[in-house]
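Just below is one structure, and these are the notes that go with it.
The values are calculated or read from the model by the stated rules, or taken from the named source; none is laboratory data. None of the values given here were measured: they were computed from a predicted structure. Positions of Cβ are backbone-derived with ideal geometry, glycine not excepted, and every protein chain shown enters the neighbour counts. Heads up: the accessible areas ignore ligands, DNA and RNA and are worked out on the full protein's heavy atoms, side chains in. Shrake-Rupley method; radii C 1.70, N 1.55, O 1.52, S 1.80 Å.
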Amino acid sequence: MPHDLNLAVLVSIGQHPKSGRARRAEQDARAVELGLKLVGERLELLHAGEAQQEVLRSYLGMGLKEMTLLEQPSAGDAVPALGRYLAQKRPDIVLTGVRAESGEASGMTPYLLGEALGWPVVTRIADIIKVENGEAEVLQALPRGQRRALKVRLPFVASVDLAAETPRQSAYGPGRRARIDNASVDAQQDQLRSQWQEAPARKRPKRLKVAKAKTAADRFKAATAKSQASGGQVLQNESAQEQAQALFKLLVEEGVLR
Amino acid sequence: MILDGLLPVLITMALALLVIGAVRRINLWRAGQPESVSLIAGLMAMPRRYLVDLHHVVGRDKYMSNTHVATGGGFVLSLALIVLVHLFGLDSKILAWALLAATALMFVGALFVYKRRQNPPARLSKGPWMRLPKSLLVFAVTFFIVTLPVAGVLPEDFGGWVLAVILLIGIAYGLGEMLFGMTWGGPMKHAFAGALHLAFHRRPERFGGGRSTGLKPVDLGAEVLGVAKPSDFKWNQLLGFDACVQCGRCEAVCPAFAAGQPLNPKKLIQDMVVGLAGGSDAKYAGSPYPGREVGQAKGGPTQVITEGLVNPETLWSCTTCRACVEECPMMIEHVDAIVDMRRFLTMEKGNTPNKGAETLDNLIATDNPNGFDPGGRMNWAADQNLKVMADVKETDVLFWVSDGAFDMRSQRILRAFVKLLKAADVDFAVLGDEERDSGDVARRLGDDATFQSLAKRNIAVLNRYKFNRIVTTDPHAFHCLKNEYKDFGGDYEVLHHTTFINELVKAGMLKLDMYKGGTVTYHDPCYLGRYNGEYDSPRELLNELGIELAEMERSGFRSRCCGGGGGAPITDIPGERRIADMRMEDVKATGAELVAVGCQQCTAMLEGVVEPRPEVKDIAEIVAESLVEEVH
Ligand code: SF4
Ligand code: SF4
C-alpha cells in the first residue's frame, strides 16, 4: 500500500431491524474495517448529519482517535456538504455503505458523490486487494459468493457490500475518548424531501420462483452455481438509441414501467 | 555460652533485613491504585480474622488447620520470646521456659508439615515449598537448644566449638528462611502479606460470616478502563495476590482446570505476583495452565498483563463460579481480578472472543443477548393472562422474568412458576416489555458500560412502581438485582423462586402430592449458592415433596459449576472435556434419575449433555407437577 494513500470512509447512523434503535450500520462498519486494513489510523472518518449522536462513537471504538462531523439539520441533504468537503480534501478513495439503514436509504449517496466529484463509482465491493501506481485492485461482490476482480484508477468512490470482512468489535473506552471535530460547512435543506410524505412500507410482491430442483444435489447447485445467463442479450455494437429501446422494452415487459 | 555475643547480632541483622524487605514489598503494593482502608480498625480486626474467618476455611482440612495453628502459633510466640530472651537478654527463667515450650510446639507442627510434604498432592507447589518444613524444624530445634542454658537446664558453658558452629549455621539458616525470606519473597512471605491482607482486605464484609460477592463498578470516566497492568489493580488487590500460599485448593476445585482449559487459578495468582514484582514465571513449581508450558511468561508492574504474562484465553476460560474464592484459605479474590482484566480486554481492546462481541452488540441494541425483538418479551405469556406493571402500577410480588422469556426450554420453567403463583393466589405482576436483561453477562464479559446502562434503565423502571419484593427464576438476575444494583441506587428485596415457593409451601398456600419418581439429586447453581448463600430452601422444598436427596459429593458450597456462568459458553475456550459433562458424571455417580436445578442456564447446560443421562428439571417444574389442583 502506498504510504500516502488517503482514504475517507463515510458512516451513517444505522438502525437495528428488531429494536429500531440507532447502531453502527453493518455496511458502513465494514467500510471502516476495510479502511483500517488499508491505511490504519490514518483513515478519515466522516459523518454528515446532526451533532451529538453518541452512536457515532461505536465507529470510533474500532480504533480511531478522531472523526469529522459535517453538521446538518435533521432534514438536511448530506450530499452537497460531503461533495464540497471531499472535493477540497481530495482523498484517493471514498468508501461508503451500499445503502443507509435509516432515513431515506435510497442508496444514492455514492452515485451522487461520484457525479459531484467526477469520479468513477464501484458498487458493492468486498475487498481492495492492493493499490499500486495510482490503480486499485478491487474485488466486487456478486451474488452467491462470487467475486469480480476490477482495476480502478484513483480516485474513486466505492460502496462496500456485506460480503466484506466483518467489522472488528467496537471498544467502549477508546470510542468514548475519541474526538468528534466539527468541520464548518453550510447546511443545505433537502428541498425535495421536505415535500415528501412518509408512509409505512408495503411489502413488495415477490416474483414467483419455480422450483425446478428435484434432488438435494440440484438445490445445492442452484444455490451455489454461477447463474446461467439465459435469454439475456448483449447489446454492444448497437447504437445508443437501439440500446435504450431494448432496455425500455424489457422494463415494460417486466411491468416496471407501465 | 559461646554464641552469647553472636546471637543478638544475628537476630538484629535478620530483623533489619526483615524490615528492609518489608518496606520494599510494601512499595511494590503501593504501585497499585489507591483504595481507602481503615488502618487501625483493620489491624485491630486482623487477629480475629485470622483465628476465626481464615480458620473457618482452613478448618475444612482438619489436619492442616491443626498443623498450622501449632506451627504458626509456635513461631509467632517463639519470635516474640526470642527477641525478649536472646536480643534484649532478659534473664527470666519463666520467659526461657515459655520459649522452650513455643519452639517445642512449633517443632511438633513442623513435623506434621514435614509429613504432609513426604507425598504431597498434585495441587501443592513444590520448589522452595519443599524445603520449608526442614527450615521450620531447624529453626525450632536450634532455638530450643540455645535456650536450654538460659532456662538453666544445661550449664552456661555447655557444648564445645563444634556444637556452637552447628548451632550458628542452624540459626542463620532458620532466621534466613523465617525472617529474611518473609519479606524477600520466600515461602514465609505468606505470613507477612497474609496478615496484612486480612487487615486490609478489599471486601471486609466477608469477615464475621458476611458475604460480599457483587462486582465493584468501573469508573467509566477513568483514563484506562479495567486492569491493563499490575499497577492498575488496587493496592490491596496486589497485597492479596502476595498472600497466596500456593496450597492449590483453588486449583483442585476449578472446573475450567479440570476440563483442561488453559486456566489454573493458583498459577494465575502467582502470575500476578510475577507481574507485581517483575520477572518471569520460571521459578513457579506448581501445576501449569493445562496445555501451556511454564517459564515463558514475563511481566512487570507497568507491563500489559495480556502481552506476555497471561494469555487472554486463560482469563476467558473462567466461569466466575467462585469455587476458588470459596476454597481459598487466604481469602484471595480471583474472580475480581479476572473480571478486572477482562474489562480491559473488552472495553479498551475490543477483544471479547468468539460470540462475545455479537452478544454485547445485541445487548446494546436490543437489551437481550440474542438480538430478539425487545417488543416480544411477553410472547411467551400470550396465554397466561399476566398483569403488567405498566397497567397495575402496584403489586405485592414483582416477577422478574429474565431473558428466559425468549428461550423455549426456559419458558417451560416460567410457566411452571406462574402456575404455582396462581395456585397460591399470589398478587403478582411482570414488567413485560419494560424489563431488560439484568446485565449479568455483559458485566462478566467485562463490558461494565453496558451493564451499567442496563442496570440504570432497569432501576429507573423499577423505581416507577410499587412492589414489596422481586422474585425471579434466574439466579444470575437474582444476584445482579440483589447485590449489584445497590451501587446504582437500586435497593430491593429479591428472592429466588425456590425460596419463595418454599415460603408458600410452609404457609400452606400450595397443596402438594408426594413425588413419585425415582432417586433425585440437586445441583446448586453457583449464583444461588456460593454467591448468595441459599443452599437450604431448594432442599427443604424437595423434602416437602417427600424427596430424599442423593447428594453429590460436590454439593452445597462445594458444588461444581455447570459451565454456564461468566459468559463461558459465549467465549467458548476449548478444553479437553466439557464442564457440563463432568457435572453430569457427578450426577450419575449418585444413581439419580432426575437432577433438580434452580437455574435456566444450568438446565440448558446439563440438558446439553448427550443422552442417555438423568433427566433435568427445574424445581419449579417438579413442584408444579406435584401440585394438587383444586377444582372450584
Ligand atoms: S471462578 Fe471458578 S472457573 Fe473461575 S478460576 Fe475460580 S474456580 Fe476456576
Ligand atoms: S490462591 Fe488461595 S487457594 Fe489458591 S493456591 Fe493461593 S492460597 Fe491456595
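The charge dipole of chain B, taken about its Cα centre with unit charges on the Cβ of Lys, Arg, Asp and Glu (plus for the first two, minus for the last two), comes to roughly 2040 debye. Would you give the gap between the C-alpha center of the range B:260-334 and the C-alpha center of the range B:80-145, rounded to a whole Å? So the two Cα centres are separated by 31 Å. Between the Cα long axis of helix B:408-423 and the first principal axis of chain B there is an angle of about 80°, rounded to the nearest 10.
Size descriptors for the protein assembly as shown (Cα atoms only): Rg and Dmax, in that order, 34.6, 128 Å. Across chain A, C-alpha contacts under 8 Å between residues 6 or more apart give a mean separation that, scaled by the residue count, equals a relative contact order of 22 percent. So which of A:Lys221/A:Lys249; A:Lys130/B:Lys349; B:Lys486/B:Lys617; A:Lys203/B:Lys355; A:Lys37/B:Lys229; B:Lys456/B:Lys482 end up more than 21 Å apart, counting from Cα to Cα? Flagged as over cut-off: A:Lys221/A:Lys249; A:Lys130/B:Lys349; B:Lys486/B:Lys617; A:Lys203/B:Lys355; A:Lys37/B:Lys229.
Centre-to-centre, using Cα atoms only, the range B:418-486 and the range A:48-102 are separated by 38 Å. Solvent-accessible surface of the protein assembly as shown, averaged per residue with a 1.4 angstrom probe and all protein chains in place: 46 square angstrom.
Placing unit charges on the Cβ atoms of the charged side chains and taking the dipole of the range B:370-506 about its Cα centre, the candidate lying farthest along the positive direction among B:Phe399, B:Ile501, B:Thr450 is B:Ile501. Heavy-atom accessible area with a 1.4 Å probe sorts B:Val245, B:Val628, B:Val335, largest first, into B:Val628, B:Val245, B:Val335.
How would B:Asp437, B:Asp4 line up by accessible area, probe 1.4 Å, largest first? Provide the component values of the computation, followed by the final result.
Working: B:Asp437 10, B:Asp4 90 Å².
Accessible-area ranking of B:Asp437, B:Asp4, largest first: B:Asp4, B:Asp437.
Of B:Leu77, A:Leu192, the residue with the largest accessible area leads and the full order is A:Leu192, B:Leu77 (1.4 Å probe).
Backbone amide hydrogens, once placed in the peptide plane, bring A:Arg21 within less than 5 Å of A:His16, excluding anything fewer than 5 places away on its chain. Per-residue ellipticity at 222 nm, computed for chain B from helices alone with -39500 (n - 2.57) per DSSP H run of at least four residues, works out to -13000 deg cm²/dmol.
Can you give the calculated 222 nm mean residue ellipticity of chain A, where each DSSP H run of n ≥ 4 adds -39,500 (n - 2.57) and the sum is split over every residue, rounded to the nearest 500 deg cm²/dmol? Working shown, then result.
Values: 8 runs with 72 residues, N = 258.
Using -39500 (n - 2.57) per qualifying helix, the result is -8000 deg cm²/dmol.
Using the empirical formula 2.2 N^0.38 Å as the baseline, the Cα radius of gyration of the range B:52-103 reaches a ratio of 1.42. For the range A:117-157, a crude dipole built from +1 on the beta carbon of Lys and Arg and -1 on the beta carbon of Asp and Glu, taken about the Cα centre, is about 220 debye to the nearest 20. Based on Cα contacts under 8 Å between residues 6+ apart, the range B:3-199 shows a relative contact order of 31 percent. Each Lys or Arg adds one and each Asp or Glu subtracts one; over the other residues with Cβ under 10 Å from the Cβ of B:Trp235, this totals +2. If you wrap the tightest convex hull around every Cα atom of chain B and split its volume per residue, you get 163 Å³.
For the range B:212-348, the fraction of C-alpha pairs more than 26 angstrom apart is 13%. If one takes the longest principal axis of the Cα atoms in chain A, at what angle in degrees, from 0 to 90 and to the nearest 10, does the Cα axis of helix A:240-253 lie? Rounded to the nearest ten degrees, it is 80. With coordinates expressed along the principal axes, the C-alpha atoms belonging to the range B:520-626 extend over 41, 32, 25 Å, beginning with the largest. The Rg/Rh ratio of the range A:90-174, with both radii computed over alpha carbons and Rh defined as the Kirkwood radius, is 1.00.
Between rounded, prolate and oblate, where does the range B:403-494 land on the alpha carbon gyration tensor, with a ≥ b ≥ c its root eigenvalues, rounded for a/c under 1.5, else prolate if a/b exceeds b/c?
Working: a/c = 2.15, a/b = 1.40, b/c = 1.54.
Because a/c hits 1.5 or more and a/b fails to exceed b/c, the range B:403-494 counts as oblate.
Taking A:Ala22, A:Ala51, A:Ala222 as the candidate residues, the one with maximal mean-square fluctuation in a Gaussian network model of chain A, Cα springs under 10 Å, is A:Ala222. Principal-axis analysis of the Cα atoms of chain B puts helix B:334-343 at an angle of about 60° to the longest axis.
Please compute the net charge surrounding B:Pro149, taking Lys and Arg as +1 and Asp and Glu as -1 over other residues with Cβ under 15 Å from its Cβ.
Details: positive: B:Lys93; negative: B:Asp4, B:Asp91, B:Glu156, B:Asp157.
Net charge in that neighbourhood comes out at -3.
Can you grab the distance from the C-alpha centre of the range B:348-375 to the C-alpha centre of the range B:530-572, Å, no decimals? The range B:348-375 and the range B:530-572 have Cα centres separated by 28 Å. Surface composition of the protein assembly as shown: carbon and sulfur atoms hold 54% of the protein heavy-atom accessible area at a 1.4 Å probe.
Once the other residues with Cβ under 14 Å from the Cβ of B:Leu445 are scored (Lys, Arg +1; Asp, Glu -1), what is the net sum? Show your work: numbers first, answer last.
Working: positive: B:Arg342, B:Arg343, B:Lys349, B:Lys355, B:Arg443, B:Arg444; negative: B:Asp340, B:Glu348, B:Glu358, B:Asp361, B:Asp437, B:Asp440, B:Asp447, B:Asp448, B:Asp572.
Once positives and negatives cancel, what remains is -3.
In the complete set of protein chains, residue-level accessible area for B:Ile570 is approximately 30 Å², probe 1.4 angstrom. Using a 1.4 Å probe over protein heavy atoms, the accessible area lost on pairing B with A, summed over both chains, comes to approximately 1300 Å². Accessible area per residue was computed with a 1.4 Å probe on protein heavy atoms; B:Glu551 scores about 80 Å². Of the whole protein surface, B:Asp491 contributes about 110 Å² of accessible area at a 1.4 Å probe radius. Simple rule: put +1 on each Lys or Arg Cβ and -1 on each Asp or Glu Cβ in the protein assembly as shown, find the dipole, and look at B:Pro369, B:Leu10, A:Gln188; the Cα lying farthest toward the positive end is B:Leu10.
Its relative contact order, with pairs defined as Cα atoms under 8 Å and 6+ residues apart, puts chain B at 12 percent. Dimensions of the range B:495-562 along the principal axes, based on C-alpha atoms and rounded to the nearest Å, stand at 33, 29, 14, largest first. Amide H to amide H distances under 5 Å link B:Leu495 with B:Ile470, B:Val471, B:Thr472, where only residues 5 or more positions off or on other chains count and H is placed in the peptide plane.
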